[in-house]
Every structure is written in C-alpha cells, then in structure tokens.
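Peer 1: Questions regarding the structure given below will be posed in turn.
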Amino acid sequence: MIEVQNLTKRYGEVLAINGVSFMAQPGQVTGFLGPNGAGKTTTMRILTGFMPPTDGKATVAGYDVFEHSMEVRRRVGYLPETVPLYRDMTAQDYLTYMGEIRGVKNRRTRAQEVLERVGLIQRAHSRIRTLSKGMRQRVGLAQALMHNPPVLILDEPTIGLDPIQVLELRDLVRDLGRDHTVLFSTHILSEAEQVCDNVIIINQGHIIAEGSPAGLRAELERGGRVLARIDGDLEQALPVVQGVPGIASAEIRMDGIVATPANHDDPRAQIAQALVSNGFKLLELRPLAVNLEEIFLELTRHERNAMTEVSDTATPEESEVASS
Amino acid sequence: MTDAPMPYDAQTHHLSEEVTTGGSIPFWAVFKREVSLYFRSPVAYAIAFALFFFLSLVFNGYIAQANQRAPAQPALIPNLVTFLLFLIGPLLTMRLIAEETREGTLEVLMTLPMGEWHFIVGKFLAAWAYYTVLVLLSLVYQIIWTQVGVPDQGVAFGAYIGAWLYGGAVLAVCMIWTAVTEDQIVAAFLSAATVLVLYLADIAASALAAQPNLSMFAEILRELGLQAHYGSTLARGVLRLHDILYFIFIIIGALFITTRIVETRRWRA
C-alpha cells in the first residue's frame, strides 16, 4: 500500500511536483498518468527511497519513505524508466547479484522462478547485451520481483516496445496487480485504461483527476456532448448548432462539430432537425465516446495551446494495439 | 508463485520476509562482482601487461649494469610501481562509479536496501585487490634478485608494504573523481593530476621551506604528500606507525568524501 500526502519536490526554482496526495491499494494496479515532465518519475523516485521529498509525507508498506528508507527499499521493487542493466552479465547472474545485495535466500532458484514468471527462462544464460529491448525490460521487471516485494513501482515499462511486447507486458502487469500493490506510470492513455484499476492523472506537478477509468469516463460523459458530422462547410453549420435551444456551446473539432448541452438532456433530435432544415447533409450524429485521451485533453485544455491539433484517433504508437 | 490468478491476500506479503534474510553484507556481493570483472576485463590485462613490460625493461637494464653500481637499490621495483601509480590508479578506477552513473545502474543501486558505502567500499576493495595481485606478481623480480645477488631483504620488505599501502591511498583518491563525473576519461585525467600533485607535494614543500615565513605551510604540504611517507621511510625499510596511519587516513578520508559525493546524487538527480 502506498499513501502519499501533500508531497512536494522542488529542484532549485523548478517545482517538479506540488502537493500531490493519493493512495494506491493492495491487489490493484494504480495508473499514474500524465505527459512527459508531469512529475511521474519524480514521485516514483521519492517513493522508492532514491531521493527525499522537499515537503510532504509518503508511506510505502507502512513505512515512511524518509524516516525508514531502508525498510521501504526492502519492500519495494522498482523498475526505472531507462532499464539500467549490466550488459555483460547474463540474466541469471544479474538477478543473482541483485538478490545477493538484497539478501535473498536461495537466490539461484529464486532467479529461475522470476525468469519463469516474466517468460524469459529460455534466455536465462544469455548475456543481457544480446537480449532485445522487450526482453531487457522483462529482466528489469524480474529484478524488481526478486525479493517478492509487496509493492511494485514501474516507471513507463512499456516504452519503446513493439506492439506484441507491449501486450505481453500489460498482461504481466495486470497479473502482478492481483497480489501486489502496483504503481504503474504511463503517458499512453489507452494503456492506463486497459491495465489499471484506478487512475491518477497528473499534469505539471498537480493531480488533476483520480478514479477508476470507467468512473472518470462516466463523469465526463454526463455532460452528454455529441459529435455531428456533416457533408458541407463546418464554419457555416456552426452557428446553426449554436442556435439550437439547450446547447451551451459548440465548436469545430475532430472533423465535425462538438456540441455541449446546457443540461443533461440528449440534444440530438433538435440538432438533427436544425441541421437538416437548414439544408446541411447530416452524415453522423453520436454521443462523443469519451476515452481517457479525451478526459486528459479536457482536463488539461486550459493549460495547452488552443491551436493544438485534436485527433479522434489513437496516437500512432498506439494504433496497432489499441483494442479497447 | 504460480501464474494462476491469485486473489489478493495479506498473507502473501509475509512471503517477502521469508525470501530475504535481512542479514546480508551487500559490499561483499559488490566486491566479488568487481573482482571478477577485473579478471575478465581486457583493460585490466592491458594495464598489467604495460606495467610488467616496463618493469622488466628497467629491471633488465639495472641487472645488466649492477656490477658497476654499489650499493644495489633493493626498492627499485616498488619505487617504480609507486611512481607509475599516477597511471595505474586512474586506469583501474575510472570505470568504477562513472560507468554506473552513466548507465543509470547507480539509480537502481541507490534504491536497494544498502548504504552507499557498501558499494563504494566494495568497489574500492576490488580495485585494491587487483592492485595487490599486481604487486605480488612483481615479487618475481625480488626472487630473481635474490638468485643473482644479495639485496637487503628488510628494505625490500618495507618498500613492498609501502607500495601496497601507497596503492590503496592512490586508488581511494581516484575513487573521488570517478564519483564526481560520469565521464571516465575526465575521471582518469583528474585522478592522474591529483595523484601527481600528491606525488610531487614534498618536492614543492622543500622548495617552499627555503622561505622562512612559509615553513609552516611547507610542513603541512609535505605531510599531505605521498612521497614524504614513502620515499624516505618505507622505501628505505623504515616502518613508522606515523606513515602507515597516514595511508590509512587517506584511504578512509577519500572513501568518506566519495560516499558523500554519491549521496549528493539523491539531491541533484
């Protein structure tokens, strides 16, 4: 279990994280979601006992990360963002070495066990330099599992993997989530949606939303926004939609018009009628499917440049594997 | 641990207490790994080769002319080794911490349940152990010497002990620079410069001692220098507690500074 209260970290003038509070429950995968530079790695480094916070309090497995750093480190498995490995060692030797430093009993057998769990047992005696990126990532994960810690902290473990490896790793993380407290960071939103039981969205050092992926989605769908796509000039159609009674606002996005109703009523019938009666050819009219991507853009909108391209589709690195 | 779905159970987490013993000595693990790396590293063999090539050339020349010279210098080899430490020390140590910083493996080490001193002392002892092997191998010249002549074994003994301690001090000083920078070449150059300064300190001190108002400063400089504790004492077979304590003090002091420097990475990262 991870409990974070009002955690703040300042590097000189830069405030990396500011008053972050959250909890990660055992038996769950908690997703830590945010763009690069949001403060995910900083928070994780504090939780692993790598560096102290400037202010605030964090307990991991019941121990304060600052006061009882060694106790915390005994109970945490950490996979940093750039999986740092000794490339001249074999996977088996590397794990045995890390196990020896940690004081793991029967470390040779234990190394075999964790290699089995991450599906790398066939390559146990290959030098790490000869392993593919995905395999190295799994060696890093095996290292984090060596001492069977109750808490796992994984910093962007799927970065740089090919689509199949990404799927395998996500399955593994979900599986680990059943018997560990897992804190898993990613900047890929659909990934958090697939893997995590609970999502914390962080941006510029602040937590901006927290909840289950479904809960966050429901919260934003309550707005009942709809997307209308027409065959014709969107600029001309926009005032028509804006003129529909009960529509609070409308804007051109995702090659269509996104309309937000003032209350929770479904405005689709009125919008369809208004558009057709004004001579526009209506192609599509549907409630806006809100995924985490949408939620994220929504939540960070005021912080972003208004000109940012908003895409309906998943990001390129995602498109091959997105299956939600 | 099985792959079958396992419901979360607080019991499971008592496993972690069973898996680890808690009473490990991490620096021993680090030491063993680093020693085995030295014996598998081409660089370490290249250093050994260059050292012994040079030693054998000098030794050969010395022996060839030995009958024209009196008395023989029994500390010849230890003296050469201590002089060459400004090269050997940086080359043996430059990799130790700089590489881990650059590769990011240091970050993992710093999240393991061990204090920084464990891996610093482990690495230092490994470097010193490799150096010890080099010194022991150089005893072969002493054996040849005893076959062809009658060197003063007492002087030789003191000089070898001196060269061994001297090496420990130099390697510890070099550890500081490999912790400061993540660039091995920079670490090697700064280490070599530092060792040369410490090597030449007593010469600078004797130059300064001529000035009456600087004599106090000159004395401190002399005390800090490596040669003042080796050249005129240990290398002549004089075992003084004072000199041995100096080398031990340098080793502990330098390793302490190294530990503090590595600790600052937690604040700088």
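Peer 1: Determine if region A:157-170 includes at least one residue that is acidic (Asp, Glu) and modelled with pLDDT under 85.
Peer 2: To start, the set of residues in region A:157-170 that are acidic (Asp, Glu) comprises A:162, A:168.
From what's left, modelled with pLDDT under 85: A:162.
Yes: one or more hits.
Peer 1: Among the numbered criteria (1) within 7 Å of another protein chain (Cβ to nearest Cβ); (2) modelled with pLDDT of 90 or more, which one does B:Ser36 miss?
Peer 2: For B:Ser36, the failing item is (1).
Peer 1: Counting just the residues of region A:177-192 that are surrounded by fewer than 22 Cβ atoms within 10 Å (Cβ to Cβ) and out of contact with any Phe, Trp or Tyr (no Cβ under 9 Å at 6 or more places or on another chain), which one comes out modelled with the lowest pLDDT?
Peer 2: A:Ser190
Peer 1: Here is a further query. When you go through (1) over 26 Å from B:Gly154 (Cα atoms); (2) more than 14 Å from chain A (Cβ to nearest Cβ) one by one for B:Val262, which number turns out not to apply?
Peer 2: (2)
Peer 1: Then there's this: For A:Gln273, only one of the following conditions fails: (1) on the phi > 0 side of the Ramachandran plot; (2) modelled with pLDDT of 85 or more. What is its number?
Peer 2: Going through the list (1) on the phi > 0 side of the Ramachandran plot; (2) modelled with pLDDT of 85 or more, A:Gln273 breaks only (1).
Peer 1: Separate question: Is it the case, given these coordinates, that A:Gly160 is surrounded by fewer than 19 Cβ atoms within 10 Å (Cβ to Cβ), more than 18 Å from the chain's Cα centre (by Cα) and assigned by TED's automatic domain parsing to the domain that holds A:Gly62?
Peer 2: Values: surrounded by fewer than 19 Cβ atoms within 10 Å (Cβ to Cβ): yes; more than 18 Å from the chain's Cα centre (by Cα): no; assigned by TED's automatic domain parsing to the domain that holds A:Gly62: yes.
Judged against the criteria, A:Gly160 is not a match.
Peer 1: Ok, one more. Hey, among the residues in region B:220-238 that are farther than 28 Å from B:Ala72 by Cα and surrounded by 14 or more Cβ atoms within 10 Å (Cβ to Cβ), which one's nearest to the chain's Cα centre (by Cα)?
Peer 2: Step one: filter region B:220-238 for residues farther than 28 Å from B:Ala72 by Cα, giving B:220-221, B:223-224.
Next, from what is left, pick out any that are surrounded by 14 or more Cβ atoms within 10 Å (Cβ to Cβ): B:221, B:223-224.
Values: B:Leu221: 21, B:Glu223: 20, B:Leu224: 17 Å.
Checking each candidate, the answer is B:Leu224.
Peer 1: Scan region A:34-77 residue by residue and report those that are of a type in the set (Lys, Arg) and either at the interface with another protein chain (Cβ under 8 Å from one of its Cβ atoms) or surrounded by fewer than 23 Cβ atoms within 10 Å (Cβ to Cβ) (or both).
Peer 2: A:Arg45, A:Lys57, A:Arg73, A:Arg74, A:Arg75
Peer 1: Quick one: count up the residues across region A:99-121 that are under 22 Å from A:Thr158 (Cβ atoms) and either assigned to a helix (DSSP H, G or I) or of a type in the set (Asp, Glu) (or both).
Peer 2: As a first pass, look at region A:99-121 and keep what is under 22 Å from A:Thr158 (Cβ atoms): A:114-121.
Next cut, either assigned to a helix (DSSP H, G or I) or of a type in the set (Asp, Glu) (or both) only: A:114-117, A:121.
Result for region A:99-121: 5.
Peer 1: Starting from region B:92-107, take each residue that is away from chain A (no Cβ under 12 Å) and list its partners that are in a loop (DSSP other than H, G, I, E, B), counting only C-beta distances under 8 angstrom and pairs at least six apart or across chains.
Peer 2: Final answer for the pair search is B:Ala98/B:Thr181; B:Ala98/B:Glu182; B:Ala98/B:Asp183.
Peer 1: Now a separate question. Got a number for residues in region A:11-33 being in a strand (DSSP E or B) and more than 10 Å from every other protein chain (Cβ to nearest Cβ)? Explain how you work it out, then say what you get.
Peer 2: First pass over region A:11-33, keeping only residues in a strand (DSSP E or B): A:11, A:14-24, A:28-33.
The next check asks that each one be more than 10 Å from every other protein chain (Cβ to nearest Cβ); those that pass are A:14-24, A:29-33.
Result for region A:11-33: 16.
Peer 1: Here are the criteria: (1) over 20 Å from B:Arg260 (Cβ atoms); (2) within 14 Å of chain A (Cβ to nearest Cβ); (3) of a type in the set (Phe, Trp, Tyr). Tell me which single one B:Phe86 does not satisfy.
Peer 2: With (1) over 20 Å from B:Arg260 (Cβ atoms); (2) within 14 Å of chain A (Cβ to nearest Cβ); (3) of a type in the set (Phe, Trp, Tyr) applied to B:Phe86, the lone miss is (2).
Peer 1: Any idea which of (1) in contact with a His (Cβ under 9 Å, 6 or more places away or on another chain); (2) over 30 Å from B:Arg102 (Cβ atoms) is the one B:Ile144 doesn't satisfy?
Peer 2: Unmet condition: (1).
Peer 1: If you don't mind, another one. Would you point out the residue of region A:148-175, among those that are of a type in the set (S, T, N, Q) and in a loop (DSSP other than H, G, I, E, B), that is farthest from A:Arg75 (Cα to Cα)?
Peer 2: First pass over region A:148-175, keeping only residues of a type in the set (S, T, N, Q): A:148, A:158, A:165.
Subsequent filtering for residues that are in a loop (DSSP other than H, G, I, E, B) retains A:148, A:158.
On the way: A:Asn148: 8, A:Thr158: 23 Å.
Among those residues, the one meeting the criterion is A:Thr158.
Peer 1: When you go through B:Gly225, B:Gly237 one by one, which is the residue that is at pLDDT below 85 and closer than 20 Å to B:Asn79 by Cα? Spell out the reasoning first.
Peer 2: Details: B:Gly225 fails: at pLDDT below 85.
After ruling out the rest, the residue left standing is B:Gly237.
Peer 1: A:Gln143 passes all but one of (1) within 21 Å of A:Gln25 (Cβ to Cβ); (2) of a type outside the set (D, E, K, R); (3) part of a helix (DSSP H, G or I); which number fails?
Peer 2: (1)
Each row is one residue, and each column tells you yes or no for (1) free of Cβ contacts under 8 Å to residues at least 40 places away in the same chain; (2) under 21 Å from B:Ser41 (Cα atoms); (3) within 12 Å of chain B (Cβ to nearest Cβ); (4) not acidic (Asp, Glu).
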{"residue": "A:Arg87", "(1), (2), (3), (4)": "no, yes, yes, yes"}
{"residue": "A:Ala91", "(1), (2), (3), (4)": "no, yes, no, yes"}
{"residue": "A:Arg108", "(1), (2), (3), (4)": "yes, no, no, yes"}
{"residue": "A:Gln112", "(1), (2), (3), (4)": "yes, no, yes, yes"}
{"residue": "A:Ile121", "(1), (2), (3), (4)": "yes, no, no, yes"}
{"residue": "A:Ser126", "(1), (2), (3), (4)": "yes, yes, no, yes"}
{"residue": "A:Lys133", "(1), (2), (3), (4)": "yes, no, no, yes"}
{"residue": "A:Gln137", "(1), (2), (3), (4)": "no, no, no, yes"}
{"residue": "A:Ala144", "(1), (2), (3), (4)": "no, no, yes, yes"}
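Peer 1: When you go through (1) buried (at least 22 other Cβ atoms within 10 Å of the Cβ); (2) closer than 30 Å to B:Glu263 by Cβ one by one for B:Ala163, which number turns out not to apply?
Peer 2: Among (1) buried (at least 22 other Cβ atoms within 10 Å of the Cβ); (2) closer than 30 Å to B:Glu263 by Cβ, B:Ala163 violates only (2).
The values are calculated or read from the model by the stated rules, or taken from the named source; none is laboratory data. For clarity, every value in this text was computed on a predicted model and none was experimentally measured. When we count neighbours, we look across all protein chains shown, and the Cβ atoms used for this are built from the backbone with ideal geometry, even at glycine.
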